[in-house]
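Accompanying notes for the structure given below.
Laboratory data are not the source of any read-out in this text; all were calculated from the coordinates shown. Since the model is a prediction, treat every value here as computed from it, not as a measurement. Virtual Cβ from ideal backbone geometry, glycine too; neighbours counted across all protein chains shown.
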Amino acid sequence: MTLYDRLLVPTDGSPEGRRAVAHALDLASFHGAAVHALYVVDTARYVGTPMERSWEGVGDLLRDDAAEAVAEVASFAAATDIDVETAVVEGPPSAAIVDYAERTDCDLIVMGTHGRGGINRLLLGSVAEKVVRGATVPVLTVRLTGEGSAAESGTASATRTDPASATDTAEAGRERDASPTRKPGGEGDAGATSEG
């Protein structure tokens, strides 16, 4: 029995976002699941701006970036037996992600989070947090920045193109996450955070 049949990995094509893609591919490989790579073109961001009049040109550029981002996910999985479906949709990111997961019967959403807290979280919001609150399926968030990120720990390469190395990255991350860390002054475990 497999736990997951279809995983959804929203991507923005950023080097940081590749960490979430690597986790999704690792999970898909382990569970024999298919991966849906999704890019959401955030059209709501441009409504009411002077750029709205020239949306066609901007929209074309954004859709080109989107196509490249989901194609990159497919290329990472090309050397594996993981089936990857790609999609580009338009709309508010969190709503589009939740809607896509429901329409395609995805079992799990694997997505990155920047780990913002405090005033930044209040002002900028969190797509990941909105997805967690709105999704009817489990959501696995992968921290992309901040303490313990792949870039700072050296456990992942932002330019990785070999999907087989994703397993090594995930194993190194689990080993690092499993080891207790101490804060200055001997305070307790630094464990997982709930920042979004």
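Each of Leu140, Leu62 was scored by other Cβ atoms within 10 Å of its Cβ. Listed from fewest to most, they are Leu140, Leu62.
Each of Arg103, Arg18 has some number of other Cβ atoms within 10 Å of its Cβ, and from fewest to most they run Arg103, Arg18. Backbone N atoms of the stretch 1-22 closer than 17 Å to the 7 Å Cα→Cβ label point of Asp83 belong to residues 2-9. Going from the residue with the fewest nearby Cβ atoms within 10 Å to the one with the most, Tyr39, Tyr4 rank Tyr4, Tyr39.
Neighbours of Gly91 by Cβ distance under 10 Å: Lys/Arg scored +1, Asp/Glu scored -1, total -3.
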